[in-house]
Structure formats: C-alpha cells, structure tokens
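Just below is one structure, and these are the notes that go with it.
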Amino acid sequence: MTDPFGFLRIPREPVPARPVEERLGDWHEVYAGQALLPLVSRQADRCMDCGIPFCHTGCPLGNLIPEWNAYAAHGDWRAAYERLHATNNFPEATGRLCPAPCEDACVLTINAEPVTIKNVEQAIVDEGLRRGYMAASPPERRSGKAVAVIGSGPAGLAAAQQLTRAGHAVTVHERADRIGGLLRYGIPEFKMEKAHLDRRIEQMRAEGTVFVTGHDVGGADGTATAGDADADADAAALRGRCDAVVVAVGAGERRELPVPGRELHGIHQAMDYLTCANRVREGDLPAPPITAEGRHVVIVGGGDTGSDCMGTALRQGAISVVQLDINPEPGPGRTDDEPWPVYPRTYRISHAHDEARGREGRDPRLFACATLRFDGDASGRVRALHLTAVEPVGRSPLAGTERVLPAGLVLLALGFSGPERAGGLREQLGLEYDERGNYARDAGFAASGGRAPGVFVAGDAGRGQSLVVWAIAEGRAAAAAVDRYLTGSTCLPAPVAAHDRPMTALGRMRYGDH
C-alpha cells in the first residue's frame, strides 16, 4: 500500500510542462523530455488507498487507480503497467488527452488537492514502454467468427482489440488513409505524438487484427450497387459477409454558424483546420492549405477542439488568437449543484490557453458572448467579426454590448450533433436515430430497429461527442456484447451500459432520468 500519511506530508506537485517559449517553437508534446521519475512515484504515495475509492466511479473505465498508485509509489513498474492495462486498452491516450474526472472524484478533493492521477497514468505507460513491457497478446484459440468494425477511433480500436483477443477474426474498416480516427487527424501532435498510436496499432496487428484503410463503408452517397467498383463498401453486403458488425464511426456531423457573412473566405470548420495541420506533420503536405500564419485568428467555441485550434494557430505564427465562449466564465470552485465527487464546471486553463497567456499576458478567451456577423474585404475574405455579450441563461444578446474583432481566419469549433448524415450507412444497416440524433441502440449496444441483427453501435456514434475514456469504455463494453451474441456468453469486461451518463449530483444518469 501507499504511505498512510503521504497525503498529509506531501503536497500536490503536477509534472511541469515545458516552458511556453520552448514548446511554441516545435510540435513536440508539452511534457516531452520532462523527468517524470521520481516525482511521479512520490506523488503516487499521496494516494489514501481509500476503502471506497470514488476515483473508480469518476472514471467510466473503472481504472484500478489505488492499485497502480501503490505499485508506482514502490517502483514496481511491471505490476503497475499490468494493472493499468487490466481496464484500459490505450492509457497512453487517456494519460495525455483525458481531462481526468477521476481527479475531481478523488477523496482528497473534499478538502485538499487530489492525487496527480493523470500524471501517474502517463508515467506508468511511458515507463513500461521504455522497459519493453508492451507485447502482443494473441488469442490462444480462434472462434471461427468474423467481426467487422467500422471506424478506427478509440471506441472502434478498443472493441477490435478486445474481440481479437477473445479469438474472433476482426477487420477494422477506416475511410481515411491512416488508422486512428480523431486520434490521428483531430488531435494535434503537441497533445499526443502519433508514434504512440502507431505502436499500439502494430501491437494490434501482431495480435491478429486486420486494418483496411481508404474504405468508406456506406459510400459517400450510399449508391453503390453490386456492379460498381465500390460495391465492397456496401454496408449491408459487409454485414452479410460477417457474423457481427460494430459501428464506431464517431459523431462527425458538425454544427454550423448561420450568421451573415458565413460564406466569406477564411471561415473554416475547426476539424478541417486541424486535419490539415496534422497532415503536414504526417508529411503529406509541405505546408497547410489553411494556416494562421500572419493572421488575426478568432475561434468560435469554448471547448477542447477550440483549445486545440489555439495551440495550433500559435505554433503556425498567428498575430493574435481569441477564443469565444457563449457560456459565462466559470468560478474557481464547485457550485451547490456540482458537489464532490462529480466533475465540476470550474475555471480551467488548458496548455494552449497557458501558451496564449504566456505570449499575450492575458487569458485569450472571451466568455458570455456570441457572434452576430462577419465583415469581408473587397476580395471576399473575412476581415472582422462582430460579437455581442449575452445573458447567461437564455443567451439572448445584451443591448449596447456589440464590439468588433479583427479576423483574418475564423475557426468554427461548435461541436458535433451526432454521426454524419451523408452516405448510405444508416439505410444499408437499418439504423435508426434516437432523440439526440445519434444511432439508437439498446442498453446492450445492439442497434435498434431489428432490421439487421448482429449490428452494434459503440462510442460517439451512439453516445454523442464525449471523452476518450467514455469511447474506450464503450468499445470494451460493446465487445463484450458482441462476444456474448456470437458465443452465448462472455468473459470480457463491460464497464458501462450504453445509456450510462457521467456522474451527477443524482448519481450516474441514464436516458429518461431527470
């Protein structure tokens, strides 16, 4: 166990990021080259080894946090690595990308600073990699069943790895030219270098998972027929060739901003911008076709995607970067309706915000404001954005608060509203939409409608846009459901049900609960 008095005598000390001026000069991770040990072992010793560890509940994966904290505190990296992977297929991703709701659920948070769980997690997986612990785990026997996974984001990859290890023949179909989904093209290099993703994909290949890229299952318009060259992309035909199908295509239907001037050049969806930047890093492009270099950049949307755009724009050489958030500025502490151990809406600074603040000397965000219209120059390119303050509840404009921001590049980071509507995937598999615009499924991840039995929906395609830990948890749980469908029983873990929601003051919510 950890030091029973460690939380009393050891203060919280997160791993420091590299200096702002250093990391703005490259695309390496913000912690690249930082010494994680022995700082992390000392921080792991702050874990109280609670009788009821609420960090388990804060994390949908049910990570065994006190256990790997104890191993890390004592330097038993092999045991820590194994316990970490007992519940999480890709801790190198969650340790870098997850906002760590487990830390807000840490019992220490009641009246002190939580354990640096996220830092410990990343240190364990990185140290295990350095020591050569990552190895393929191919199945001892084959089931003779074939499973197709559509989509190679974290949900699809987690489902694929679990099902492969259970003995099924799994093929992952990805419409892009590389495997990884948003982990590949939506997450900037400075948050997670793609070498981590590549190593995990090679592990999965060694275990027997087959990957097919450039394969748009459902087709761009859903018109493929048996005589077409693209007939192999027909989802119904794919279902006919396989014993089960997992739909893990994500929530890619982007929200728009229908205001005057939206048609001007220089206004782009955030994901298009991030994909271009990532393709430059992959070596596909010599320079990004959408760049912030030498421009005033305005990011519309206050979430993580907007923050990723900000870090990217700063590294590309933007003159200035402003991020607009329609929500009021959060306070520093929990509100009465967000008690411990729920994940609260508090004032937080991302690495990109810290970089902008380090360069400009101020928080780059403007809260409680909305876009009214765009102005353009004679060539039809955006040059200014008009905004207004909004009242906090109804978000209606407040008279007399209009102002103008210079804007040579505007990035729309307004989130997503379910899986993409284009293409024929929904029709070919007989999928239905739920009341939120996601693919409907029952509590066991089986697609609703009954027109195509053996079809399951995992990740953001059924949940809506969410965190990487929820995607992995859903992939693992959907794999258990598929294994049970194919064999009649399963030993695979199912950490969540399809309708589970993050913990609130009322507990973990399900559809229909209020």
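No lab work stands behind these numbers, since they all come straight from the coordinates. These numbers come from a predicted model, not from an experiment. Here Cβ is always computed from backbone atoms with ideal geometry, including for glycine, and neighbour counts include all displayed protein chains.
Can you bin every Cα-Cα distance in segment 386-489 into 5 Å intervals starting at zero and give me the percent of pairs per bin, rounded to whole numbers? Cα pair-distance distribution for segment 386-489, in percent: 2, 10, 15, 16, 13, 9, 8, 8, 7, 6, 3, 1, 1, 0. Out of Leu8, Tyr71, Pro328, whose Cα points farthest toward the positive end of the dipole of the chain (charges: +1 Lys, Arg; -1 Asp, Glu; placed on Cβ)? After comparing all options, I get Tyr71.
Cβ screening of the chain for cysteine pairs under 4.7 Å finds these without a partner: Cys47, Cys50, Cys98, Cys106, Cys242, Cys276, Cys309, Cys369, Cys491.
Span-like helix check, the chain: qualifying full DSSP H segments, with Cα axial length of 27 Å or more and mean Kyte-Doolittle of 0.5 or more, are 468-487. Between Ala206 and Ala399, the FRET efficiency estimated from the beta carbon spacing at R0 = 45 angstrom works out to 0.10. Structural descriptor for segment 420-477: relative contact order 24 percent, calculated from alpha carbon pairs under 8 angstrom and at least 6 residues apart.
Full extension of the chain segment joining Glu282 with Ile10 gains 93.7 nm, where the gain is 0.36 nm per residue of separation less the Cα-Cα distance. Applying both filters, DSSP loop and at most 15 other Cβ atoms within 10 Å, to the GluC sites (Glu not before Pro) of segment 293-390 gives Glu293.
Near the amide H of Leu372, within less than 5 Å, lie the amide hydrogens of His386, Leu387, Thr388, all on another chain or at least 5 residues away, with H placed in the peptide plane.
How high is the FRET efficiency from Arg42 to Ala112, r the C-beta distance, R0 25 Å, rounded to 0.05? My answer for the efficiency is 0.95. Once you reduce segment 320-393 and segment 128-178 to the center of their Cα atoms, the two points are 39 Å from each other. Sorted on the mean count of surrounding Cβ atoms within 10 Å across their residues, most packed first, peptides 91-102, 459-470 read 459-470, 91-102.
May I ask for the distance between the Cα centers of segment 55-84 and segment 1-18, given as a whole number of Å? About 15 Å separates the Cα centre of segment 55-84 from the one of segment 1-18.
When the scattering of the chain is computed by the Debye formula from its Cα atoms alone, each counted once and equally, what is log10 I(q)/I(0) at q = 0.08, 0.11 Å⁻¹? Listed by q, the Debye log ratios stand at -0.52, -1.02.
Relative to the Cα centre, the charge distribution of the chain, modelled as +1 at Lys and Arg Cβ and -1 at Asp and Glu Cβ, gives a dipole magnitude of about 320 debye. Helical runs assigned H by DSSP (4 residues or longer) give the chain a calculated mean residue ellipticity at 222 nm of -9000 deg cm²/dmol, each run adding -39500 (n - 2.57) before division by the residue total. Applying 1/(1 + (r/R0)^6) with R0 = 35 Å to the Cβ-Cβ distance of Ala497 and Asp377 gives a FRET efficiency near 0.10.
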